[in-house]
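So the structure is just underneath, and the comments pick up after that.
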Amino acid sequence: MQSSFQLAFLIPLLPLIGFLINGLGRNQLSKQWSGLIGAGTIMGSFLVSLFIFQSVESGNTAVVSYFDFIRIEGLRIPFAFQIDALSSLFLLIITGIGFLIHVYSISYMHEESSSSFARYFSYLNLFVFSMLLLVLGSNYVVLFIGWEGVGLCSYLLIGFWFKNQVYTKAANKAFIMNRIGDLAFLLAIFWLIIKTGSASFQEVFEFVQGNQGTSKFTATDITVVSLLLFIGATGKSAQLPLYTWLPDAMAGPTPVSALIHAATMVTAGIYMIARSNIIYSLAPFTLTLISWVGLATALLAATIALRQYDIKKVLAYSTVSQLGFMFLALGSGAYVAAVFHVLTHAFFKALLFLGSGSVIHAMGGEQDIRKMGGLSGKLKITYVTFLIGCLAIAGLPPLSGFFSKDAILLSAFLHQPLQYGIALFTAFLTAFYMFRLLFLTFHGSFRGTAEQQAHLHESPALMTIPLIVLALLSVVGGWIGIPAVLMHEADWLGSFLAPVLSSSTHEVSHATEWMLMSLSVVGVLLTIGFAWFLFRNYRERESKGLLRFFEHKWYVDELYDRLIVKPIFYLGRLLKEWVEPRFIDALVNGVGKTVQLAGRQIRFLQSGQIGSYVLLMVLAMVTVLLVQFFIRK
Amino acid sequence: MSISAILFWVLSVAALFSALMVVTSRNPIHSVIWLIVTFFAISGHYILLNAQFLAVVNIIVYAGAIMVLFLFVIMLMNLNKESEPARHRWLQLAGGVSGGALLLVLVAALKDTELKSQQSLMLEGNTGLIKTLGQELFSNYVIPFELSSILFLSAMVGAVLIGKKD
Amino acid sequence: MPINYYLFLAIALFSIGVVGVLTRRNAIIIFMCIELMLNAVNLLLVAFSKMHYKQAAAAAIPIANPGIDGQLFVFFIMVVAAAEVSVGLAIIVMLYRNIHSVDINFLNRLKH
């Protein structure tokens, strides 16, 4: 085993230690210390991850086993880490961006009291720990531990300001929505364990490949398992129909949105499906379903984002939309493209969220973009970095988003031209709503109060430095996956991930590829121009018709409320007011009353009179003999 | 009917009658006396069965020592009068009925045993002689025999301890 | 004599003892009834012993001292009974000293 792999346990351990120190010492630690511990442990993990990444890049992979987590007859689940191209890449994303966001948070959260400041960092560290566990686990069970861990931390962080009831409700919503998916995921794990007798990736995949189609693992099994895993992924990665929690999750502090709801946790579903790509390659039906669900989510979220006024809501729906793109790529069999988009999206979406945090910071907590405008003069660094983020997400070359989105569009084109058309349209929508956001926020005239205008200021260095770093990454991050048509010996990412991810082998002529690229670039440029024309000088207008429909998020929340929440409430009320007192209480109290009554009667037998005891004894003897007598007969 | 059969029936009737008298006598002293009669009847049975050692021991230990002890205690407590209040009538009835039921059930259960045709040898055999029993007792049963001496010792200590005035 | 007769005789004596225990209130009488029950069992044991003796005499292979166990049992029962009586009577004496009665109806302390 590569010697650097022996350090792998440090990667999740350091954030766990940070969590424990910050969590237990939150009343003693000063803000400087909690910030230092919080960010420092992630920094340590990042350095170890770099070592491991280097080692993996030179061709080493390993499964590092520590102890048996579960060992029962016929099933052994080790607590082991899988170190290969996919996990090492995700390690870098998580720890790298996690570190930047920790640094940013030190400044962003400085108004909190020192105990809740430490609480914040302990949650953040716990989150990073869980996410690392999720990525490192060498079997589905360890992955599931991390999976649940990030769900928990997401709940804790969304409800970080738990005194606000709206926020706690948003936290509940996120948690419950995730649970639905988790249940399906858990069922999938059980199914796999029953069928294959193992939960570890290697063994499961070997088994599936070796026995697919036979009675040991039928086509139905593959479809069911892949579907269940996918449902699990829709919960965590906010896809239709379980996406509604993510926009509400913006209740949490902005760095949390950047870390959890843009860069890391929501990509867990993508990671899981990419990790299970061997199963998915055998399930064409599920793949088709995934691609359509992803596409529908992308389009739906993009249309909603068109008419949102909360700066974070726009970004949230944009996240959902981008996740939809990733699922489209997965469904098209382009796992590399999906992971590539995870990477670039992590850069620019973290950048955009942190930029919006900087804006909100400057605006004194105001999040409504109708009350902003013309901020570019005051917040220069924020403006420039935000612009880079917008360009990247819109997909203009040579920024990172262009390459990854292009890879996805290409895979969709090869897979289903119809899907390509819708995806391209959605990409234009993306450009449109992002630049609407940019223009409304930073251009035109200021529409807020005079007090806010006087308060406008650029954020401190601790916040702007992560912005600059992320902006740089958003620019250059895509260069690791430049397609072959643009550069000789390109697509480093594809070859790096080749051992883990089966890549689609479709060949496409360079002319077609050029045409697709230029089509999207020209379309995006036109869209940006259109947005500039519409929103350069914003005036508030009543939205009508379809736009009103978009503004109300397609009334999905209301629909869910009617279809699911209300009936469950009615059922609950029915159970509470009718079934419980009549049946359950009656049963439980009845048992108690019966026993009490019986006891009150039987008590007289215990008279304390020796004579009565003897009498009973004799009667018992008679009874026993009688019974024996008759039985023998 | 042989003489031993006649003796058997006489002794049986005597034993049953005196046992009933033990239970029914109002005066405890009478009960004791009737119990002694019962023991004598049972000893007679032993002799009929040629278990001479046990017959003698029964008379010495039970009819002699133990019953004297009873008498002694009764005298000591000055209970030699019909002082015992009768039990509640229903309880008495219940006791009688359940005892009778026990009798009935036991008889019914054992009535048709396969032992029915077996006979007990009377007036013969050397099993019950002191010589045989003594040899057996001091060879194969020597440990229980010695243990019973410890039992007696502890019973003696216990009786003294319980009986002494604080 | 047929073993049945001894059996019924012993059962009858035993049942009389039981009835005595159930119907009397005087602790000493109850004690005596217990002795009666013990003696009924003793009698039966001796009868069985002699039954085995007869069986063994008729059997082809002779065994040493057949049926002697039953009589030894009786002997040990007597030993135990003697010990029991000495302790039991001591308890009754102590009881009488404390509550000035041997009526077992007053012995309902088990309830508490």
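The values are calculated or read from the model by the stated rules, or taken from the named source; none is laboratory data. Treat the numbers as computed from the prediction; the structure is a model and nothing was measured. Here the Cβ positions follow ideal geometry from the backbone for every residue, glycine too, while neighbour counts run over all protein chains shown. With ligands, DNA and RNA removed, areas are computed over all heavy atoms of the protein, side chains included. Shrake-Rupley method; radii C 1.70, N 1.55, O 1.52, S 1.80 Å.
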| Between residue A:183 and residue A:577, what length comes free when the chain is fully extended (0.36 nm per residue of separation minus the Cα-Cα distance, one decimal in nm)? | 139.0 nm
| note | Ranked output for segments A:251-259, B:137-145, B:155-163 by mean other Cβ atoms within 10 Å, highest leading, reads A:251-259, B:155-163, B:137-145
| query | Considering every residue in B:68-76, what mean count of other chain Cβ atoms within 10 Å of its Cβ is obtained? | reply | 4
| query | Just the accessible area per residue of the range A:1-92, please: how many Å² with a 1.4 Å probe? | reply | 50
| remark: Taking a crude spin-label model, label points 7 Å out from Cα along the C-beta direction, the residue B:108 to residue A:378 distance in nm is 10.4
| task | Rounded to the nearest 100 Å², what's the accessible area chains B and C bury against each other, both chains counted, probe 1.4 Å? | result | 7300
| request: Beyond 21 Å, what share of the Cα-Cα pairs of chain C is found? Please give it as a whole percent. | output: 52
| Per residue of B:6-12, what is the mean number of Cβ atoms on other protein chains within 10 angstrom of that residue's Cβ? | 2
| field | Computed accessible area, residue C:22, all protein chains, 1.4 angstrom probe, square angstrom | value | 10
| said: With a 1.4 Å probe and all protein chains left in place, how much of the accessible area of the protein assembly as shown comes from carbon and sulfur atoms, in whole percent? | reply: 68
| said: Over chain B, with the other protein chains present, what is the accessible area per residue in square angstrom, probe 1.4 angstrom? | reply: 55
| task | Please name whichever of C:65, C:12, C:90 sits farthest to the positive end of the charge dipole of chain C, dipole taken about the Cα centre and charges placed at Cβ: Lys and Arg +1, Asp and Glu -1. | result | C:90
| task | Could you tell me which of rounded, prolate or oblate describes the range A:69-117, using a ≥ b ≥ c as the square roots of the eigenvalues of the alpha-carbon gyration tensor, with rounded for a/c under 1.5 and, failing that, prolate when a/b is larger than b/c and oblate otherwise? | result | oblate
| Estimated [θ] at 222 nm from DSSP helical runs (n ≥ 4, -39500 (n - 2.57)) normalised by residues in the protein assembly as shown, nearest 500 | -23500 deg cm²/dmol
| request: Using label points projected 7 Å from each Cα along Cα→Cβ, tell me how many nm separate residue A:111 and residue A:30, to one decimal. | output: 2.3
| request: Using a/c under 1.5 as the rounded threshold, could you call chain B rounded, prolate or oblate? The axes a ≥ b ≥ c are square roots of the C-alpha gyration tensor eigenvalues, and prolate needs a/b larger than b/c, oblate otherwise. | output: oblate
| note | Dividing the alpha-carbon radius of gyration of chain A by 2.2 N^0.38 Å, where N counts its residues, gives 1.14
| field | Inter-label distance, nm, simple model (7 Å from Cα along the C-beta direction), residue A:288/residue B:143 | value | 8.6
| remark: Taking every residue of C:63-75, the Cβ atoms of other protein chains inside 10 Å of its Cβ average out to 6
| said: List, by residue number, every residue in the range A:603-619 with a reduction of 10 Å² or greater in accessible area between the chain on its own and the complete protein assembly, 1.4 Å probe. | reply: A:606, A:607, A:608, A:609, A:610, A:611, A:613, A:614, A:615, A:618, A:619
| message | Calculate the FRET efficiency for residue A:67 and residue A:20 from the Cβ-Cβ distance with a Förster distance of 25 Å, rounded to the nearest 0.05. | response | 0.80
| note | Partner lysines whose C-alpha sits under 26 Å from that of residue A:349, ignoring same-chain residues fewer than 8 away, are A:169, A:173, A:236, A:312, A:313, A:371, A:378, A:380, A:405, A:553
| said: Rounded to the nearest 10 Å², what accessible area does residue A:310 have for a 1.4 Å probe in the complete protein model? | reply: 40
| field | Interface area, B with A, accessible, probe 1.4 Å, both sides summed, Å² nearest 100 | value | 800
| Å² per residue, accessible surface of chain C at 1.4 Å | 38
| Given the Cα-Cα distance of residue A:598 and residue A:191 and 0.36 nm per residue of separation, how much length would full extension add, in nm? | 141.7 nm
| How much accessible area does residue C:23 have with a 1.4 Å probe, in Å² rounded to the nearest 10? | 20
| field | Label zone at residue A:57 (point 7 Å along Cα-to-Cβ), backbone N below 19 Å, the range A:77-97 | value | A:83-97
| task | Subtracting the Cα-Cα distance from 0.36 nm times the residue separation, let me have the gained length for residue A:219 to residue A:570 in nm, one decimal. | result | 122.4 nm
| query | Does the range B:1-82 come out rounded, prolate or oblate by the C-alpha gyration tensor, with a ≥ b ≥ c the root eigenvalues, rounded set by a/c under 1.5 and, if not, prolate when a/b is larger than b/c and oblate if not? | reply | oblate
| message | Tell me which GluC sites (Glu not before Pro) from the range A:109-189 have a DSSP coil assignment and no more than 15 other beta carbons within 10 Å of their own. | response | A:111
| task | Set Lys and Arg Cβ to +1 and Asp and Glu Cβ to -1, take the dipole of the range A:22-155 about its Cα centre, and tell me which of A:117, A:64, A:129 lies farthest positive. | result | A:117
| request: Leaving ligands, DNA and RNA out of it, rank C:24, A:603, A:548 by accessible area with a 1.4 Å probe, largest first. | output: A:603, A:548, C:24
| query | How do B:1, B:122 stack up against each other in accessible area, from largest to smallest, with a 1.4 angstrom probe? | reply | B:1, B:122
| query | What do you reckon, how do A:120, A:66 stack up by accessible area (1.4 Å probe), largest on top? | reply | A:66, A:120
